[in-house]
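> For reference, the structure I am asking about is given below.
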Amino acid sequence: MMIVGNKNAVDVDQNEMGTGGVQYKPKDSKLATSPQKPSRCMFKNLLFGLMALFSLSVVALMTWIISKSSYQVKASDTPVNDVISSSYLLSKIDVSVDPCDDFYQYSCGSWVQSQWKDDVSVIDKENARYEERIKKYLAEDILDSDLVSYKNVKTMYQACINNGESDLTDNDAWIKRLFDFTTIEDVMNFAAELGYFVFYEVNVEWGPLSMNPVARYAWNIHEDNIEDMIKDLPEDLGQKDNIMKYVETMKSLAQKSNVGTTISEFITRTTCANLTEHFQTFGLKPSDDIQAHPDLIDTTEQFFTDNLADGDELFKFAKTYAGILFQQRYTRLARRERNHMFCYTYFTSSYFGFTVGSLMLARENINYTETLKTVQEMVSIITEEYRQTISESNLLSQEGKSSAIKKLDNIEILLGAAPWIKNDTHLKKLNYDGELNDVMSFLKMYKMVDTFHQKKKIQSILHPPVSDLWEVTMGPQISLNAAYYQDGNAISVPIGAFIPPYFDSRWPLPMKFGALGSIIGHEITHAFDQKGMHYDSKGLQNDLWSSEDAESVKNEQNCLINQYNGFGHQNFNINGTLTLEENFADNGGLTVSYRAYKNADKKGKPFKIHGLDLTSDKLFFLSYAQIRCNNYSMDKLDYEYYDNPGNIYSPPDFRVTGPIKNNRHFSKAFSCSSNSKMIDSSRCRTL
């Protein structure tokens, strides 16, 4: 297994950190912390003194916050990091609940009671704080010393939130120009220059490349708002009924495309206009392959024949339809009040994800080096314990164990930020290769950047390059999550996972392994779930195990299906089949992270909170549970988890209690009796 961490993402001593990726072997892993030598520099001593004073102030504040509980941290005889860790735990624990009766409520009850509104989770709140810091950096002054990519993302973000008059000026000029053209080709080509298709739209969100029957901006068009939009066009060309009829006709073809064709067929068989230049604007050539509904071209042509046989009417229709799509794309955006969250979520983060990650790391690189090294060592220990788990499994034959270990050894785990994250050339290649400036309207920036991304996505689908796993798996690198990718047999743990509730460098080892360790174990387990068993060590679609081994694992998966079918809220029950992959990964992640923590924390250093006996094992299980704290209403639970056919996750509380019931170490840690609610006699396993 290759564990790759970017050590060039921050300005560090190259003698300390090296210059490339690293590969850790489990036998070399040790998480002991070496004492630092005191500085000889008086200035540094003064600085450290001030930092210590600040830390003590924080400790005092946090201790006061939890003072309402009888279980308090004795700051006088407890190390600062332990006080911080204790305060974090105690802010969530409800000590009035028996952990053996309801461990989720015990772990999260106080946090839930402290929330002033429903439908929020601890991850939501931490993510909001994280995004607030990012938005602060995006609002900074643009400096000459900034990378071009930093200048671009700041410029676009600041232009978005400023809601300038220049947006309306450009909007009005573009729509006027659209209506001044005298041919259908001019109208459609200008629409393409503005970044949208007209009669046929290519889906650029995922592969294979497919032709949609209705432009994405027309999906939400209804009769009651078409008339209003037509009033806002430079002139009413009397096409309201035809527009509505066309949209509804095309929507009837909205089903999965399964017939291959080429762009040239759309060009040669479309009689209303020459579409060659229209498609070329998006980087599409006539020879490019595409998939489409088999009746798409015939239905479109028949609609034109039946309703728009007159050439002048057809031109009016094309101009009106292009104008309505323009309003959906630009006019609404130019007129709306755009706030920080809207600008960050829909434009900055989505178009400049790598750049935002780079900017964030450049501003918050203080603990990155230390954290990265710790997480790398954690991954090594977790992987070694997974190897031992497989070796000890009685579900697999010897051949099955060998195949599983081979896949495990070939998982590439990408930690932190990509090695090129501060390389401006690479960032521009991924996010935007031009230069924005504050003279441009936000609408113009949006047009340029969105067109860049559409072309890039189309080309990546048509001509996929040799994959850089950092590009494929890491995404924006700032999300508070981790992920496993079957196709590449790779796991990403981005820099967004290096903060609470997943990780804090000041936490003791049990908390680190209970939180982030279980997440890492979760992602590794996906390599062997009901989907993963059909992918080999190279990430190719080949069965990993023999039919006998696969059947043995499936029997344990059926145990989980039946178990989770019995979980739920009020009159709703979890669908154990739909949620199997994630339930399987949750259980496997908790099991292996516990083993890894016990391996790493052999000394079992006591962790004392006055009046509350929290052993190392209790810390582990608490930190595992507290990443799932939520305050969801029944409506939210119903909408997200029960009445959602696309949902693959169990509700957060059952993501805690389900794996807990299957973990034999939990009952020992909390001295639970055999008839406790958190104990299930028929424990389900993974491997």
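> Keeping the other protein chains in place, figure out the carbon and sulfur percent of the accessible area of the range 522-562, with a 1.4 Å probe.
Carbon with sulfur: 43 percent of the solvent-accessible area.
> Can you list residues whose amide H is under 5 Å from Gly416's amide H, if they're 5+ apart or on another chain and H is modeled 1.01 Å from N?
Correct list: Val493, Ile495.
> Would you kindly find the accessible area of Asp124, with a 1.4 Å probe and non-protein molecules such as ligands, DNA and RNA excluded, rounding to the nearest 10 Å²?
70
> Using 5 Å bins from zero, what percent of all Cα-Cα pairs in the range 397-503 falls into each bin?
Reading upward from the zero bin: 2, 10, 15, 15, 17, 15, 11, 7, 3, 2, 1, 1, 0, 0.
> Under a 1.4 Å probe, what is the accessible area of the range 378-492 per residue, stated in Å²?
40
> Using 0.36 nm per residue, how much length does the chain from Ser264 to Phe179 gain when fully extended, once their Cα-Cα distance is taken away?
Fully extending the segment from Ser264 to Phe179 adds 27.8 nm.
> Quick query: amide H of Ser210 versus all other amide H atoms, modeled in the peptide plane; which residues come in under 5 Å with a sequence gap of 5 or more or a different chain?
Asn203, Gln291
> Which entries in Lys240/Lys447; Lys285/Lys444; Lys531/Lys668; Lys92/Lys125; Lys176/Lys447 show an alpha-carbon gap greater than 24 Å?
Result: Lys240/Lys447; Lys285/Lys444; Lys531/Lys668 exceed 24 Å.
> Can you give the three extents of the C-alpha atoms in the chain along their principal axes, from longest to shortest, in whole Å?
86, 68, 48
> Grab the eigenvalues of the alpha-carbon gyration tensor for the range 586-687, scale each by 5, take roots, and send me the semi-axes largest first in whole angstrom.
Over the Cα atoms of the range 586-687, the semi-axes work out to 28, 16, 14 Å.
> Would you kindly compute the Cα radius of gyration of the range 522-607 and its largest Cα-Cα separation (Dmax), both in Å?
So, for the range 522-607, Rg and Dmax equal 16.1, 48 Å respectively.
> Rg and Dmax of the range 162-233, using alpha carbons, in Å: what are they?
Answer for the range 162-233, Rg first and Dmax second: 14.5, 40 Å.
> Sticking with the crude label model, points 7 Å out along Cα→Cβ, report the distance from Glu223 to Ser547 in nm, one decimal please.
About 5.7 nm separates the two model spin labels.
> Just reorder Glu248, Glu265 by solvent-accessible area, largest first, 1.4 Å probe, all chains present.
I get Glu248, Glu265, largest accessible area first.
> Turning to a different aspect of this structure: State in Å² the accessible area per residue of the range 108-220; use a 1.4 Å probe, count heavy atoms of protein chains only, and round to the nearest integer. Spell out each step's value before the answer.
Values: 4970 Å² over 113 residues.
For the range 108-220, the solvent-accessible area averages 44 Å² per residue.
> Can you work out ³J(HN,Hα) from phi for every residue in the range 384-392, in order, using Karplus 6.51 cos²θ - 1.76 cosθ + 1.60 and θ = phi - 60°, giving whole Hz and x for Gly and Pro?
In residue order, the calculated couplings are 4, 5, 5, 4, 5, 4, 5, 4, 8 Hz.
> Starting from the exponent 0.38 and prefactor 2.2 Å, build the expected Rg for the range 457-541 from its residue count and divide its actual Cα Rg by it.
Details: Rg = 15.1 Å, N = 85, 2.2 N^0.38 = 11.9 Å.
That ratio works out to 1.27.
> Counting only Cα atoms, I'd like the Rg/Rh figure for the range 233-302, Kirkwood definition for Rh.
1.02
> Still on this structure, I have one more. About its Cα centre, what dipole magnitude does the chain give when the only charges are +1 on Lys and Arg Cβ and -1 on Asp and Glu Cβ, stated in debye to the nearest 20? Numbers along the way, then the final one.
Values: 70 positive and 89 negative charges, 689 e Å.
Dipole of the chain, to the nearest 20 debye: 3320 debye.
> Can you work out the Karplus-derived ³J(HN,Hα) for every residue in the range 164-172? Use 6.51 cos²θ - 1.76 cosθ + 1.60 with θ = phi - 60°, whole Hz, and x for glycine or proline.
For the range 164-172, the Karplus-derived couplings read x, 5, 4, 5, 5, 5, 5, 4, 5 Hz, x marking Gly and Pro.
> Something else now. Could you tell me what percent of the accessible area of the range 239-345 is made up of carbon and sulfur, with a 1.4 Å probe and every protein chain present?
46
> Sticking with this structure for a sec: When the accessible area of the range 346-430 is split by element with a 1.4 Å probe, what percent falls to carbon and sulfur? Display every interim value, and only then the final one.
Details: 1320 of 2990 Å².
Ligands and nucleic acids excluded, carbon and sulfur reach 44 percent.
> Now a separate question. For the range 367-374, what does the Karplus curve 6.51 cos²θ - 1.76 cosθ + 1.60, with θ = phi - 60°, yield as ³J(HN,Hα) per residue in whole Hz, taken in order and with x for Gly and Pro?
Taking θ as phi minus 60°, the curve returns 9, 4, 4, 5, 4, 4, 4, 5 Hz for the range 367-374.
> What whole-number value in Å² describes the accessible area per residue of the range 258-336 for a 1.4 Å probe?
Heavy-atom accessible area per residue stands at 41 Å².
> Just to be sure I understand the model, the point goes 7 Å from the Cα along the line to the Cβ. What's the resulting Asp124 to Asn565 distance in nm?
A separation of 3.2 nm, rounded to one decimal place.
> How far apart, in nm, are the 7 Å Cα→Cβ label points at Ser674 and Lys444?
Once both label points are built, they end up 7.8 nm from each other.
The values are calculated or read from the model by the stated rules, or taken from the named source; none is laboratory data. As the structure is a prediction and not an experimental result, all values here were calculated from the model. Reconstructed Cβ throughout: ideal geometry from the backbone, glycine too, with neighbour counts over all protein chains shown. The protein model used for the area step is the full one, side chains on, heavy atoms only, and it has no ligands, DNA or RNA in it. Shrake-Rupley method; radii C 1.70, N 1.55, O 1.52, S 1.80 Å.
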